[in-house]
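Novice: Have a look at the structure that comes next, please.
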Amino acid sequence: MLVTASVQNQAQAQQWGQAIGVVRTADTGEPIPGTTILVTDTNFGTASKNDGTWSLRMPQGRYALRFSAIGFATRTDSIVVRSDQNTELNVRLSPSTLEMDEVTIEESRTPVAAGVFEISPKAARDLPTPVRDVARALKVLPGVVTNNELSNQVSVRGGGFNENLYFINGFEIFLPFRPRQGEQEGLSLMNAELADRITFYSGGFPARYGGKLASAVDVGYRDTENQPTTASAYASLLDAGVSAGGSAAGGKLGWLAGLRSARPRRFFSTQELQGDYDPDFKDAQLSLRWKPAQRVLVETLGIRASHTFTLNPNARRTFFGTISQNSALAPSNLQSMTIRYDDSNREVDGYETTFAGTRITVPAGRVKTEHDISLFDTEETERFDLSGTALLFLVDPGSQNPTPGDGLFPIGSSRQEDAADNRVAVRTVTAQGRYTTLAKNHALEAGWQLRSLRFEDRIDEKSVISGRAITGESVRIVSDSLTDSASFTAARKAFYVQDTVELPHPSRDGFIITGGVRAEHFNFNSEWTVSPRVTARYRLDANTQLLGSWGIYYQSPSYRELRGKPEVGETILGALNRDLKAQRSHQVVAGIEHFLPRLRFVLRGEVYHKRISNLISYDIDNVRVRYSGDNDATAAISGLDIQLKGEFVPGLESWVNYSFLHATENFLPEFETSSSQGSTPRPTDQRHTVSMYLQDYIPDNPTWRLHLRTLYGSGLPYTPPVPGPQVGNLLVQAPGDRFSARYPRYFRFDMGITKELVVAEGKRPLNLDVTFEILNVFNMTNTVSYTWVPDAAGIWRRVPTRLTPRTINVRARLEF
C-alpha cells in the first residue's frame, strides 16, 4: 500500500502543523547545510539552510524522518506533528567512514547525471494506461516523443525506434523487429510488478552501454534474499497478472516469478476498423539469486513470451474533411470512406520469444568480477490475406444518419488486395565480463562482450490496387511484391574501460567526473569503432547541481538497416550492403538541477545537441520502419528538456515535462533527389511535447487516490504523395517532398481513481486496490497515419487512420 497507516493518520482531518529543528555534526556541533530531510519511503521533504535550520509543514500525525547529508551517516528519527504547533527535532549526524580493507562494490541507486531519469515501479503500475507496461510508462519521461498509445516503442531526443537499449538485471533484451502497427507489439518484456528500479538514460549513457545512439533503459528486479514470501495479483477488463517472491535455503536463495496475460480486445475494437479482434499476449518470468558462499552470487533470469494478434476485419468507416459554419464564406467539404472487406479475410501476427541468462559474481582480491552468458531467441510471423473495396463519398453535413443515396454521394471507389506470409527468426548469444574496484577516490570499471547473431528471413508479400482510370476503364496495379528467403550470421565484439573520479570540492561527492572509452568490431562489414565518453556533476550549493556530458556514439547496422529496401527482382542477400558503416552521433548535453526547499520540488533543465554522420535514412508508416540501406545522409538534432518533479502531498510523486526538439537531415549529393534537396525534417521531428503525471488524494480520506496522465505532442512530419507515372489512364502516386507535411497534434488525457482497502490486518496483511479508469477522457481524435484512395477522377484522397476513442477500464490489485 502506498499510503501507510501513519500517512492515513496524518491526513484524516487535514489539520497541519510544522516540524522544525537544526542539523549539526556529532563531533564538533557545527551546522550542516544542505541536509536532505524526507518523510521515510517518500520524496516529501526539505533541506537544511546554511545555518543548519530546517522546517517542514505537514498534516498532523506521527512520522519517521530520514536525515542524509554527503559525508555523513544517514539517520532516521520519529516525530509527532500536532495541529497548529511547532514540533522541534534537533539531529546530530556522525561523519561516515569507508572501510577499504575488504571492498565489496554493490549496485546502488543511480546518481543524478546528465540525461538520467528514474520512474518508480509503483508509478509505472499506477499510470492510467490500457495495458501495464514499463515501455509504455516511459512516455511520461522527458525527451520522449509521443504519438501512439497502441505502441510500446519510443523515440528519444530525436532518435529512431531502433536506437534504444533495453536491459533487465543487466541482460540485454530486444523489442519486436518488424511490427507494422502498434496492436501487434503486445507486452514489452519488462515487468513492472517484479521491478525494484527503472532507470532511463535519455542520452550521455556510460561506456558499459553500447551499440545504440539514443537511449538506454535499465530495469532491475527485486532482491528477495532473506525476505519473507510476498505475492500480488491484478486483473482488469484488458489484462491480468500474478507475481510472487521470497527466499529459500536458509535465505541464501532468492526467487521472484511473474505471469502476465493481456487480452485488450475491447480496447482495440473501439477503432474505426471493425472486426473480430483477438489479441492474446502472455509471458512468464523467473529470476533467481543464489549465494552459495560469502560474496559469491549466481543470478539467473528466464523469460518465455507468446504474443499473438488475430483480426478478422469486417468494415471500416471514416469521416474526414471540414464542416463550414458559414457556407457563404467557405463551403463544407465533408467526406467519408467505407471499406467493405471480403468474407474469410484474416490476419494473424505474433512472436515467440525465449530468453535465458546466467551471471556469476565472485571477488578476486579487491576486484569484483562478473561473467555472464545469455540467449535471446525470437521468431516473428506475419500472415494475412486481406481484400476489400473502398468507397469514397461526399457527405451532406445536414444529414442525421447519412447512407448511400441519402446524404452520401459516391465520388469513387478502388479495390486493394494485400497478402503476406512472412517470418523472421533471430538468435542472439551473448557472453560478457565486467570488473569493478575502488582505489582511493576512483571507481574503476572494465568489461568485454562477445555476441553472435543469426538471422533467418522469409518474405512473401504482395499488394495490388484496382480502380477506375480517368476514362472509366478498370486498371490493376501491383504496388509492392517480394518473394524470397535468406539466412546469414554475424558477430560483434566490444571492450570498454571507465573511471569515476571524485575531484576536490568543499563537500564530499560534490565534483564527480566519469570518463570512459568503448571499442566495438562488427565482422559483417569489418568495421572498428571507438567511442569516448565523459559525464560530470558539480554541486554549486546545497540545492543546486550542474550536469554535463559529451560523447561519440556508434550504432552498427542491424539486419533491418543492412537489408534496406530490396528493388524489384533483387534478392534479400543481394540487397545486404556489406559497405554499410555504423551511424555516428556526436552528442553534448548540459543541464542544471535545483531543489526548491519550500515547495519541495526539483526543477531540472537540460539542453542537448547531436550531429549524426553516416546516417541511414528511413521512412515510417504507423510504426513500420523501412531503411534505405545506405549511409546516405547527415543529421542535426537540438533540443531542450524541462522537468518539475515533487510531491503535492506526502507519498504521492508528480511531475510535469516540457520538451522542444528540432531534428533535420541532409542527404549527401550522390543520394539527393528533387524531393529531398536541402535540409528536411527527420521523421521524429516533434517540435513540442508536454507530458504530465499528477497524483493526489481526496481531502479527509487519503484512501482515495487520483492519478492523471496527460500526453501532448505537436504533429510529426510525413511525406505526402504527388502524381506519379501514368499506368494506362490511371495516374498513380509517387512520394512528394520528403517530410514536408505534418500530422495533426497528438493529445490524450487519462484518469484513474483508486480506492485502497485493508481486507485483513495482522502479521500478513491483505491489501486491495480497486481502480476505475477513463482513458482518453475528452475523446480526442488522434491520427497515426494516412491511407490514400483514388476517386473517379484519378485524384488520391487522404483518409486518416485514427487511434482509440474514450474507453472505460476497471482494475483491481491484491497484495499480500
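Novice: I need the phi-derived Karplus couplings for region 304-310: 6.51 cos²θ - 1.76 cosθ + 1.60, θ = phi - 60°, integer Hz, Gly and Pro marked x.
Specialist: Using θ = phi - 60°, the values come out as 10, 10, 10, 10, 10, 10, 10 Hz.
Novice: Taking the solvent-accessible surface of protein heavy atoms with a 1.4 Å probe, what is the per residue accessible area of the chain in Å²?
Specialist: Accessible area per residue, the chain: 42 Å².
Novice: If we count every other residue with Cβ under 11 angstrom of Gln498's Cβ, Lys/Arg +1 and Asp/Glu -1, where does the sum land?
Specialist: +2
Novice: If one computes the Cα centroid of region 232-272 and of region 148-196, what distance in Å separates the two points?
Specialist: Each part's Cα centre sits 18 Å from the other's.
Novice: On to the next question. Report, to the nearest whole %, how much of the accessible area of region 218-356 belongs to carbon and sulfur atoms, 1.4 Å probe, protein only.
Specialist: Ligands and nucleic acids excluded, carbon and sulfur give 55 percent.
Novice: For the ranges 369-379, 706-716, what's the packing order if you count other beta-carbon atoms within 10 Å of each residue, average per peptide, and put the highest first?
Specialist: 706-716, 369-379
Novice: Please work out the Cα center distance from region 216-231 to region 770-816, rounded to the nearest Å.
Specialist: Rounded to whole Å, the Cα centres lie 36 Å apart.
Novice: Something else now. For region 630-641, just list the computed ³J(HN,Hα) in residue order, Karplus coefficients 6.51, -1.76 and 1.60, θ = phi - 60°, integers in Hz, with x standing in for Gly and Pro.
Specialist: 9, 7, 10, 7, 10, 9, 9, 10, 10, x, 9, 10
Novice: How big is region 655-694 by the Kirkwood estimate over distinct Cα pairs, in Å?
Specialist: The Cα-based Kirkwood calculation yields 12.2 Å.
Novice: Could you order the peptides 763-772, 782-791, 447-456, 159-168 from most to least packed, using the average number of other C-beta atoms within 10 Å per residue?
Specialist: 159-168, 782-791, 447-456, 763-772
Novice: Right, here's the next one. As a test of understanding, state the convex hull volume per residue of region 644-794 from its alpha carbons, in Å³.
Specialist: Value for region 644-794: 207 Å³ per residue.
Novice: Could you look at region 625-726 and say what percent of its accessible area is carbon and sulfur, using a 1.4 Å probe and all protein chains?
Specialist: Accessible surface attributable to carbon and sulfur in region 625-726 totals 61 percent.
Novice: Which translational diffusion coefficient, to the nearest whole µm²/s, is obtained for region 666-715 from the Stokes-Einstein equation, given a Kirkwood hydrodynamic radius over C-alpha pairs, 10 °C and 1.306 mPa s?
Specialist: Result for D is 105 µm²/s.
Novice: Taking H placed 1.01 Å from N in the peptide plane, check which residues at least 5 places from Thr719 or on another chain put their amide H under 5 Å from its amide H.
Specialist: Those qualifying (amide H under 5 Å, at least 5 residues apart or on another chain) are Phe739.
Novice: Measure off, as a whole percent, the carbon and sulfur share of the 1.4 Å-probe accessible area of region 744-816, all protein chains present.
Specialist: Using a 1.4 Å probe with all protein chains present, region 744-816 comes out at 63 percent carbon and sulfur.
Novice: Right, next: Mind ranking 746-759, 679-692 by how tightly packed they are, going by the mean number of other C-beta atoms within 10 angstrom, highest first?
Specialist: My ranking of the peptides, most packed first, is 679-692, 746-759.
Novice: ³J(HN,Hα) across region 414-428 via Karplus (A = 6.51, B = -1.76, C = 1.60, θ = phi - 60°), whole Hz, x for Gly/Pro?
Specialist: Calculated HN-Hα couplings, in order: 8, 10, 10, 10, 10, 9, 7, 9, 10, 8, 9, 10, 10, 10, 10 Hz.
Novice: Under the rule of at least 5 residues apart or a separate chain, name every residue whose amide H is placed under 5 Å from the amide H of Phe601.
Specialist: Those lying under 5 Å, H to H, from Phe601 are Leu596.
Novice: Further, regarding this structure: Would you mind giving the three semi-axes, in whole Å and largest first, of the ellipsoid equivalent to the chain according to its Cα gyration tensor?
Specialist: Over the Cα atoms of the chain, the semi-axes work out to 48, 33, 26 Å.
Novice: Now for a separate question. When the helix-only estimate is applied to the chain (DSSP H runs of n ≥ 4, each -39,500 (n - 2.57), divided by the residue count), what is the mean residue ellipticity at 222 nm, nearest 500 deg cm²/dmol?
Specialist: -500 deg cm²/dmol
Novice: Now a separate question. Sequence-distant or interchain residues sharing an amide H contact under 5 Å with Phe44, placed H: which?
Specialist: Under 5 Å from the amide H of Phe44 lie the amide H atoms of Val39, Gly651, each far enough along the sequence or on another chain.
Novice: Further question: Counting pairs of Cα atoms in region 586-708, how many percent are more than 20 Å apart?
Specialist: That fraction is 60 percent.
Novice: Take the Cβ-Cβ distance between Ser55 and Val534 as r, set R0 to 35 Å, and report the resulting FRET efficiency rounded to the nearest 0.05.
Specialist: With R0 = 35 Å, the Cβ-Cβ based efficiency is 0.35.
The values are calculated or read from the model by the stated rules, or taken from the named source; none is laboratory data. Remember, predicted model here, so these are calculated numbers, not experimental data. Heads up, the Cβs are rebuilt from the backbone with ideal geometry, glycines too, and the neighbour counts pull from every protein chain shown. All accessible areas refer to the heavy atoms of the entire protein, side chains included, with ligands and DNA or RNA removed. Shrake-Rupley method; radii C 1.70, N 1.55, O 1.52, S 1.80 Å.
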